[in-house]
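What follows is a short report on a single structure.
The values are calculated or read from the model by the stated rules, or taken from the named source; none is laboratory data. Note that the structure is predicted; figures quoted are calculated from it, not measured. Using ideal geometry, Cβ is built from the backbone for each residue, glycine included, and neighbour counts are taken over all protein chains shown. Just the protein is used for accessible areas: all its heavy atoms, side chains included, with ligands, DNA and RNA removed. Shrake-Rupley method; radii C 1.70, N 1.55, O 1.52, S 1.80 Å.
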Amino acid sequence: MYQNHQGNLENFGKENPPRLALTLGDPAGIGPEVILKALADPTISQKYDITVVGNRDLLAQTYERLNLTQNLVPLVNPELLSVIDVQLNEEINGEIIPGIGNAASGAASFAYMEYAIAQTLAGKFDGIVTGPIAKSAWKAAGYNYPGQTELLAEKSGVKRFGMLFVARSPHTNWTLRALLATTHIPLCQVPETLTPQLLTEKLDLLVECLNQDFGIEKARIAIAGLNPHSGEQGQLGREEQDWLIPWLEQERQNRPQLQLDGPIPPDTMWVKPGQAWYGNSHLSNPADAYLALYHDQGLIPVKLMAFDRAVNTSIGLPFVRTSPDHGTAFDIAGKGIADATSMKAAIDLAAELVSQRLAVKL
């Protein structure tokens, strides 16, 4: 059923190619490089309607610089791309230095994002694929956001949003989906931030996303515990006994169409996904999605399995947004060794999700 569904989406996409805005991210990082590498792949560039939002001159400089390295991966000539030049102060452009994130590179990446969001909300694009940014550079430029997700939510006027990480196994074609209940906050704040109300909101978002974007109506969702061994009946922490287990029991009653597993001890929740990812699917019965309670609880296993192909997807927005699951990598910027696999995966997933949404509307 899943394969047939995918085939229908592919046929729909050929007739109505998704219009995607692709932001450069921080221009001092590897964003420009992975974009030039990703769009050199004809299975990407010829399949979708992609517009790069950033700076053509900067892309040209990156192209020329990389051609002088030992880079063995094909690059697309920026002259062949559809590029929207976001106007910046000349002083800012002059202070952008490959490998050095600063206020100038932060101001540039913020401006690219603002433009892409405004144009998408105005209907010019169906979705946004964002290059990686440096939060420290945004802060240096005077923009105090925890990340791009929060900016996207604010500009879109939404209060309910989440970070879903999606990756497709190259070994089995199984799709991993992991949602974070809390994101960029200190670990000591996690227990006080987690509440039944917050988890209900995140579960609502996840169920809506699985239905709207992946066509999964009767999902099986695995939910992690907070403490080691999920609290060991209160011996290793009281959160499970005091509110997490009662909350989950209530959700099971409220959502009889779903299978909600948990709270699963965090150290064992990722065993079945690992088996499904690496090819031992006959040993596992993986869930459709996994709800982790805090950042590292979800992202350590996701990056361990799928560091070069995981995609960060913002859910709860009025449009599709994806991003490669890696940072700016200032230390290797301009050296020609950045891997574009995650950027390609982010573009492919954005197009798939846009096609799914457009098909549902017809």
In region 300-311, which residues are in contact with a strand residue (DSSP E or B) (Cβ under 6 Å, 6 or more places away or on another chain) and at pLDDT below 95?
-> Ala306, Arg309, Ala310
So which of Thr175, Thr193, Thr149 ends up being closer than 25 Å to Val207 by Cβ, free of Cβ contacts under 8 Å to residues at least 60 places away in the same chain and crowded, with 17+ Cβ neighbours inside 10 Å?
-> Thr175
Hey, could you check region 183-200 for residues that are out of contact with any His (no Cβ under 7 Å at 6 or more places or on another chain) and among the β-branched types (Val, Ile, Thr) and say which is nearest to Thr341 (Cα to Cα)?
-> Ile185
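When the residues of region 282-324 are narrowed to those that are among the polar types (S, T, N, Q) and farther than 22 Å from Lys344 by Cβ, which ends up nearest to the chain's Cα centre (by Cα)? Outline the logic, then answer.
Step one: list which residues in region 282-324 are among the polar types (S, T, N, Q), which gives 284-285, 297, 312-314, 322-323.
Among the residues that remain, those that are also farther than 22 Å from Lys344 by Cβ are: 284-285, 297.
On the way: Ser284: 26, Asn285: 25, Gln297: 16 Å.
Of everything passing the filter in region 282-324, Gln297 is nearest to the chain's Cα centre (by Cα).
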Residue list for region 257-280, restricted to those being assigned to a strand (DSSP E or B) and among the aliphatic types (A, V, I, L, M) = Leu260, Ile264
Pairs, please: C-beta under 7 Å, at least 6 apart or cross-chain, first residue touching a residue at least 24 places away in the same chain (Cβ under 8 Å) and over 14 Å from Thr62 (Cα atoms) and in region 76-89, second among the small types (Gly, Ala, Ser) and not in a strand (DSSP E or B)?
-> Val86/Ala111; Leu88/Ala108; Leu88/Ala111
Pairs, first within 18 Å of Leu66 (Cβ to Cβ) in region 336-352, second assigned to a loop (DSSP other than H, G, I, E, B) and of a type in the set (S, T, N, Q), C-beta under 9 Å, six or more apart | Gly336/Asn67; Gly336/Thr69; Gly336/Gln70; Gly336/Asn71; Ile337/Thr69; Ile337/Gln70; Ile337/Asn71
Region 115-141 residues that are small (Gly, Ala, Ser) and outside any helix (DSSP H, G or I), paired with ones that are open to solvent by 10 Å² or more (accessible area, probe 1.4 Å) and modelled with pLDDT under 95 (beta carbon under 8 Å, 6 or more apart) | Ala134/Gly327
Only residues that are touching a residue at least 12 places away in the same chain (Cβ under 8 Å) and farther than 20 Å from Ala224 by Cα: list them for region 283-309, please.
-> Phe307, Asp308, Arg309
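Does Glu208 satisfy being touching a strand residue (DSSP E or B) at 6+ places or on another chain (Cβ under 8 Å), closer than 30 Å to Gly225 by Cβ and open to solvent by 60 Å² or more (accessible area, probe 1.4 Å)? Show your work before the answer.
Numbers: touching a strand residue (DSSP E or B) at 6+ places or on another chain (Cβ under 8 Å): yes; closer than 30 Å to Gly225 by Cβ: yes; open to solvent by 60 Å² or more (accessible area, probe 1.4 Å): yes.
The answer is yes for Glu208.
When region 218-241 is examined, which residues are found to be assigned to a loop (DSSP other than H, G, I, E, B), in contact (Cβ under 8 Å) with a residue 12 or more places away in the chain and either loosely packed, with under 14 Cβ neighbours inside 10 Å or in contact with a Phe, Trp or Tyr (Cβ under 9 Å, 6 or more places away or on another chain) (or both)?
Going through region 218-241, the residues assigned to a loop (DSSP other than H, G, I, E, B) turn out to be 218-219, 225-227, 232-238.
Of the ones still in play, those that are also in contact (Cβ under 8 Å) with a residue 12 or more places away in the chain are 218-219, 225-227.
Matches in region 218-241: Lys218, Leu226.
So, in region 152-172, of the ones that are touching a Phe, Trp or Tyr at 6+ places or on another chain (Cβ under 6 Å) and in a loop (DSSP other than H, G, I, E, B), which residue ends up most open to solvent (accessible area, probe 1.4 Å)? Reasoning before the result, please.
Of the residues in region 152-172, the ones touching a Phe, Trp or Tyr at 6+ places or on another chain (Cβ under 6 Å) are 153, 169, 171.
Applying the additional criterion that residues be in a loop (DSSP other than H, G, I, E, B) yields 169, 171.
Working: Ser169: 4, His171: 114 Å².
Looking at residues that are touching a Phe, Trp or Tyr at 6+ places or on another chain (Cβ under 6 Å) and in a loop (DSSP other than H, G, I, E, B), I get His171.
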Is it the case that some residue within region 252-271 is open to solvent by less than 40 Å² (accessible area, probe 1.4 Å) and either of a type in the set (S, T, N, Q) or within 14 Å of the chain's Cα centre (by Cα) (or both)?
-> no
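Take the residues of region 25-48 that are touching a Leu at 6+ places or on another chain (Cβ under 8 Å), more than 16 Å from Ala111 (Cα to Cα) and assigned to a helix (DSSP H, G or I): which is most open to solvent (accessible area, probe 1.4 Å)? Please lay out each step first, then the result.
In the first step, residues of region 25-48 are kept if they are touching a Leu at 6+ places or on another chain (Cβ under 8 Å); the result is 27, 31-33, 35-37, 39-40, 45, 48.
Of the ones still in play, those that are also more than 16 Å from Ala111 (Cα to Cα) are 33, 35-37, 39-40, 45, 48.
Next cut, assigned to a helix (DSSP H, G or I) only: 33, 35-37, 45.
Numbers: Glu33: 4, Ile35: 0, Leu36: 0, Lys37: 8, Ser45: 49 Å².
Looking at residues that are touching a Leu at 6+ places or on another chain (Cβ under 8 Å), more than 16 Å from Ala111 (Cα to Cα) and assigned to a helix (DSSP H, G or I), I get Ser45.
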